C-alpha cells in the first residue's frame, strides 16, 4: 500500500524501494541523493516509521504500508501540519531534500511529540540539506510540534 | 503600504511540499517516452594512456543498445587544438579519476551499471602529479607540447621595500582546501533529437548559456537547440552553463536518434562535478605595534585540476578582493594556476572571493596575535572608514557603499563580546578541558561581477494576469516570489495572478542566468523596469479609453484599478486595459546592464567550544551582519544567509576533498566526505543592516554567497582562538579534531 | 549504486530460513534489516547470489527477562532496544548504545543480530556485547550452539558463524550489583559518523570500538582496575594490546590518545552512575 492505495508490480529482485516508488508507483517526489545511505533524501514512512527507501528492497516492503510526502495532504488538498510549518518557516529552498526531510520530521514528532531544539537536530542527523543551513527546518519542526500533528489528513495509519 | 521589504512566504512551496519538485530525473513527459538510459564508464586511474577499449562483453549484456566512445564522436566539431584542450569522452589519455571514457546506453537504468562494469579499458599508467610543489616544479609535464604545468599567472611579488617601515612582519602558508559543491541533486540530463532540433533538459543554472555551449559543441545553430532547466536541486556555481558529461548525453540523443536520459550517482558527483577552492596561500602582513597594518601581500597557488577550467579566472577574483575591508598602504598579490591529476576546479559559492577573505582574515588575526592585540580592536583600527566611499582598492575594485565599522560593532554588541571574553577568561583560569573560542571576520565581497546584464519581459494579458519571463534561473533562491513581489508592488495585481517563467530557451531566448549573486540586482531590476514600462503603457491606454489626461489618472495598487483621481465611475481593471491594448495585451522587454558590480559586506562572530583533550570543536553560536543593501523579502534573504553560514562553517570544520599522492580520491562517498548536518550547527543569530547601493534603483546587492564568505574565517579563527592560550597560533582548515589535537600537542611540546 | 543481480527468497520462520540456507550454501546471505549488507551490495563490495529475507520472522524479535539474563531475539531492531523498558531497567548500556547506531531511519531497520553478524569493529554493538560478556546463540542444521562474545568476532566482516548458521538470540547476563555502573563514549566528527574510537564500560569491563580488526577488551585497563587503580591511572593503559587503524579521520597515535581519554571519561561516568 502506498499512500493508502494498493500498488502492485512485478519487479526485479534487486529493485530498491525508492525506485519502486518513483517508477512503479509513479511518485517522483521521493529523491535519490547518494549511494551510501547517508543523505536521507529518500526517506519515507514504512508502517509509519521513517526509513531510507534506498536501503530497503521493494520486496521487503511487500504487503506493508508506505507513506511518501505526496500522501500527507488531505484529500481536498489541505496541507498536513508539517507541510504548513515548512512553508510558514521557509524550511525549504531548492526542495530536493524536502520530501525526505518532511517525512523524517513527521516520524520524529510521532515518537517525540515535544522535542527540544537539540532533539530535533539529533533527530535529523540522517538528513542532509545544502541550501537552508537547517535553521528554518528546525523552526518548522518545532512549530509543527507546537501545533501538534494530531490526526493529520491523508496519513496512512499503521 | 508597499509589499517590498515585508516577509512574504514563498509561492513556490505548496507544489514542492505536496507533489515534490520536478527535477530532471523526475520528468515523465511524452517527449521522453521510450528514452534509453545512459551510464558512464569513468577512469579509475588518475593518469594513463588508453591503449584499448573492448566493448564486446558490454554489448552482449542484457538491455544494451549501444556502447559509445570518443571514436564514435566524429560527427561533431573537433576540439580547438590547444595542447590542454579538454575532450568530451577521453580518447587516448585520461587525466583524473572520474574522467569519462565511454557511455553505455541501455533500455533500463539498472542494466546500465551491469553493462558498464563489462566495458574493458586498457590503461597504461603514467605518473600522476598531485602535490602543488611537484606540479609547479614540472618534473612531470602533464600535457605534451607544454613546457610547464602552470597554465596562467598574474600579479607580482611584493616589490622590494614594501614591508620596510613595518615594526612587525608575519608570514605564513596555509591551504584553502578543495571542496565538493555537493548540491543535493547531482547532475542529470535528458535529451531528444527530433525534427532537426536538439532539446536538452538539464540541471543547469543557465539555460541560455547551456544552449550556446551545447550548440557550439555539437556543431548546430543555436536556433536548432532548446535547453530547458526543470526544477534544479541546488547548484552553488557547479551547474553554471553545462558540463561535458551533459553535452555527451545530448550528443548521444542526436547520434542514436533516440531520446536518452542520465542521472549521476553521488560517487560520480563527488568525483566528476567541478570542485571548489583548492588554493594555497602565502600571506605576508606587516604593520606597527600600535595596531596599524601597513602592508599585505597574498601569494596564491591555484590548483587547476586536470584541465584549465575555473582556475583560469578564479584567482583573478581572489586578487581583486585581496585587501578586503582594510585600508592598506600597500596591498599586492600574485598567482599561479597549476595543473594536477585531479578533478578540475570551478566556481563554488563565492568563487575566488571566500579565498581572499579567508586569507586576509587569518592574516589579520596572525598579526594581532603577534602584537598581542584583540582581534576586534585591530579590525576597528584598520577598516576603511565610512566616509571613504566609493572606495577604490589597490587592486582597482571600486566599493560602492559600506560601513564596515558599524557592521563590526553591531556583531560585537549583538553577541555580547565583552561578556564572552570574560567567560573565556574564566574558563582559561579554571583550566578545564572545554575552552571557549571567539572568531571574527569582517568581509566585503563583489556581486554581479560578471559585467553581463539580465533580461525581463513582462506581459499583462486580457484576463489581467501577468507573465514575467526572466533570464534569471532560480534553483532554490525564490525568484518566483521575489519577482512577483516587484510586479505586484507596482501594478497592484495579486501575486497569485503572476507567473514567472524561467529556464526555457524557447520562452526566454536571451538571458545569462543565476550565479555570482546577480539575480535580484540584475534580473530583479530588469523585471522592475519592464513592469514600470508596462504601467506607463497602461496609463496611456487607459487615458485614451476614458478620454482623460494621463496626469489625472491614478492606479490604486491596493485594488489594481485605474481611474481618474476622485472619479470612481471611470474605473478600469487591468483586464480591460490590457484587452484594449491589443491581442498581445501589454508587454515590455528590458535588458538591464548595471554600470558596475556591487559590494555587500558584513561581519561574523563565531563562538566555538573546543574539547582540548580530544580536539573536537563545536560551533555553539554564530552572529552575523550581512549587508546586501535594501532587503526585498527578509524571509528569502535570511534563508540565503543561513545556507551560506552552514557551508562556510563546514569548510572551517569538516569538509575536504582529498586525493592520495597517486591521484586516487580518498573522499568519494558521503560516508567519507563530511558534509555538515543539523547536529553540528546551532541556530544562527542574524542582525539586520541595510546600506543601499546606488548602482541600481532597487538599492539591492547580492546576498547568495556573502554568508559563506564571512562564516569560514570566523569559525576558523574561533577554533584557533579557543586554544591560543595553549600556544597555538594557527591550524589549517578543516580544523578537524585530529588537527586541533596535533596543534595543541605541538604547542605543548615546544612550550 | 545498484546491487548486482541476485535472487530473493523469503523466510517465514527460523526453520524455513535454515532450510533455505542449507539449499544455497555459500551463495546465500541472510538479510535482516539490511542496513549493513545492502550498503555493501549497492557499492558491489558484496555480491551474494541469493538473499534470504528474515523480515517476516517475527519470532526473533523480543527482549525478555529470563533467569539471570536478558534474552534478546537476534532480529530485534536497534529502535526497539533503544526504547525497551526491560533494557532501561536492567542493562541500560545496551539500550543507550543501540540508540547511538546510525540515525533514526537506520535504527528503524537495523537489527542487533544483523549488526553482530556483520562484524564491523567500528560498529557500536559488537564492542557493547563484548563488554557485557554476552552469549550469542546460533542455530544451524545440526542444532543450536552457544558462542561467547569474546570468541565470536574474527575480523572485519568475519565471525565464527557458518554460512548455514543463523544467529537467533543474544543473552546478556544481568550485571552484578557492584558492576552496575556503565558508560558509552562514542567519538565522531559528526553525529552520523561511525566511531573514530568508542568505549563501552559495564562495571570493570571495558571494550573498545575501532581500535583493532575486531572489538577488543582493554585487558590492561581491566587488570589495573582489578588491582585498585583509579580511572585516570587505569585509562593510561587503554591502547595496550590494540592495533588502531590509519585513515582519513585519524592516525593510530591519535586513536590511541582518544582511547585513553575516552576510557578515563567512561570509567568516571560509570563510577558516578
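In terms of surrounding Cβ atoms within a 10 Å radius of their Cβ, C:128, A:28 rank from fewest to most as A:28, C:128. With R₀ set to 35 Å, the beta-carbon distance separating residue B:172 from residue A:118 gives a calculated FRET efficiency near 0.40. Sorted into 10 angstrom bins from 0, the C-alpha pair distances of segment C:1-98 split as 15, 36, 30, 17, 2 percent.
On the beta carbon distance between residue B:551 and residue A:47, with R0 = 60 Å, the FRET formula returns roughly 0.30. This ranking places C:90, C:7 by how few other beta-carbon atoms lie within 10 Å of each, fewest first, which gives C:7, C:90.
Would you mind pulling out the separation of the Cα centroids of segment B:273-337 and segment B:1-54, in Å? Here the two parts' Cα centres lie 34 Å apart. Using the Stokes-Einstein relation with a Kirkwood hydrodynamic radius computed over Cα pairs, the translational diffusion coefficient of segment C:212-264 at 37 °C and a viscosity of 0.692 mPa s comes to 291 µm²/s. Using the alpha-carbon atoms, what tilt in degrees (0 to 90, nearest 10) does helix A:98-111 show relative to the longest principal axis of chain A? Helix A:98-111 sits at roughly 70 degrees to that axis. Size of segment C:58-173: Rg and Dmax of its alpha carbons, in Å, are 12.9, 37. Between the helical axis of C:252-272 and the longest alpha-carbon principal axis of chain C there is an angle of about 80 degrees. Taking label points 7 Å from Cα along the Cα-to-Cβ direction, residue B:688 and residue B:31 give a separation of 4.3 nm.
Computed over segment B:45-95, the Cα gyration tensor eigenvalues convert (square root of 5λ each) into semi-axes of 24, 15, 8 Å, ordered from largest to smallest. If a spin label sat at a point 7 angstrom from the Cα of residue B:573 along the line to its beta carbon, the backbone N atoms of segment B:540-566 nearer than 15 Å would be those of B:559-563.
Computed from the Kirkwood radius of its Cα pairs, the Stokes-Einstein diffusion coefficient for chain B at 20 °C and 1.002 mPa s stands at 78 µm²/s.
Under 17 Å from a label point set 7 Å out along the Cα-to-Cβ vector of residue A:5, the amide N atoms of segment A:53-96 belong to A:65-78.
What percent antiparallel are the DSSP beta bridges of chain B, to the nearest 5?
80 percent
With respect to chain C, whose longest principal axis is taken over its alpha-carbon atoms, helix C:14-24 is tilted by about 70°. Its alpha carbons give segment B:477-532 an Rg and a Dmax of 11.3, 31 Å. Packing order of peptides B:105-116, B:683-694, highest average first: B:105-116, B:683-694 (average count of other Cβ atoms within 10 Å over each peptide's residues).
Over all orientations, segment B:453-568 has a Cα convex hull whose mean projected area works out to 7.6 square nanometres. Kirkwood radius and radius of gyration were both taken over the C-alpha atoms of segment B:596-652, and their ratio Rg/Rh is 1.09. With one equal scatterer per alpha carbon and no solvent term, the Debye-computed log10 I(q)/I(0) for segment C:7-53 at 0.20 1/Å reads -0.61. Fewest Cβ neighbours within 10 Å first, please rank B:68, C:43 accordingly. Placing the least packed residue first, the sequence is C:43, B:68. Extent along the principal axes, Cα only, for segment B:34-126: 39, 29, 19 Å, with the longest axis given first. Kirkwood-type hydrodynamic radius, chain C: 18.9 Å, calculated from all non-identical alpha-carbon pairs. Sorting the segments B:97-104, B:7-14 by their mean number of nearby beta carbons within 10 angstrom, highest to lowest, gives B:97-104, B:7-14.
Size descriptors for segment B:68-213: radius of gyration and Dmax over Cα atoms are 22.2, 73 Å.
Add -39500 (n - 2.57) for each DSSP H run of 4 or more in the protein assembly as shown, then divide by its residues: what number comes out at 222 nm, to the nearest 500 deg cm²/dmol?
-8500 deg cm²/dmol
Extent along the principal axes, Cα only, for the protein assembly as shown: 100, 75, 68 Å, with the longest axis given first.
Its relative contact order, with pairs defined as Cα atoms under 8 Å and 6+ residues apart, puts segment A:22-117 at 31 percent.
Building the convex hull from the alpha-carbon atoms of chain A and averaging its projection over directions returns 8.5 nm². Within the listed set C:170, C:112, C:196, the Gaussian network model of chain C (springs between alpha-carbon atoms below 10 Å) gives the highest mean-square fluctuation for C:196.
Binning all Cα-Cα separations of segment C:178-272 at 5 Å, short to long from zero, yields these whole-percent fractions: 3, 16, 28, 27, 16, 8, 3, 0, 0. Using the alpha carbons alone, the radius of gyration of segment B:409-496 stands to its Kirkwood radius in an Rg to Rh ratio of 1.33. Histogrammed with a bin width of 10 Å, the alpha carbon distances of segment A:81-147 distribute as 24, 64, 11 percent, first bin at zero. Put simply, the convex hull of the Cα atoms in segment B:524-569 casts, on average, a shadow of 3.4 nm². Treating only the Cα positions of segment B:204-288 as identical point scatterers, give the base-10 log of I(q)/I(0) from the Debye formula at each q in 0.16, 0.27 Å⁻¹. Debye curve over Cα of segment B:204-288, log10 I(q)/I(0) at q = 0.16, 0.27 Å⁻¹: -0.71, -1.49. Translational D (Stokes-Einstein, µm²/s) of segment B:390-435 at 20 °C and 1.002 mPa s when Rh comes from the Kirkwood sum over C-alpha pairs? Estimated via Stokes-Einstein, D reaches 158 µm²/s.
When only Cα pairs below 8 angstrom with a gap of at least 6 residues are kept, chain C shows a relative contact order of 15 percent. Rounded, prolate or oblate: pick one for segment B:287-330, where a ≥ b ≥ c are the square roots of the eigenvalues of its C-alpha gyration tensor, a/c under 1.5 means rounded, and failing that, prolate if a/b is larger than b/c, else oblate. In terms of gyration-tensor shape, prolate. Each residue, residue B:60 and residue C:157, gets one label point 7 Å from its Cα in the Cβ direction; the gap between the two is 2.8 nm.
Taking every DSSP beta bridge that has both ends in the protein assembly as shown, the antiparallel portion is near 80%.
Throughout, read-outs are computed from the coordinates displayed, never taken from laboratory work. Here the structure is a predicted model, which is why all the values come from computation and not from measurement. All Cβ positions, even for glycine, are placed from backbone atoms using ideal geometry, and neighbour counts span all protein chains on display.
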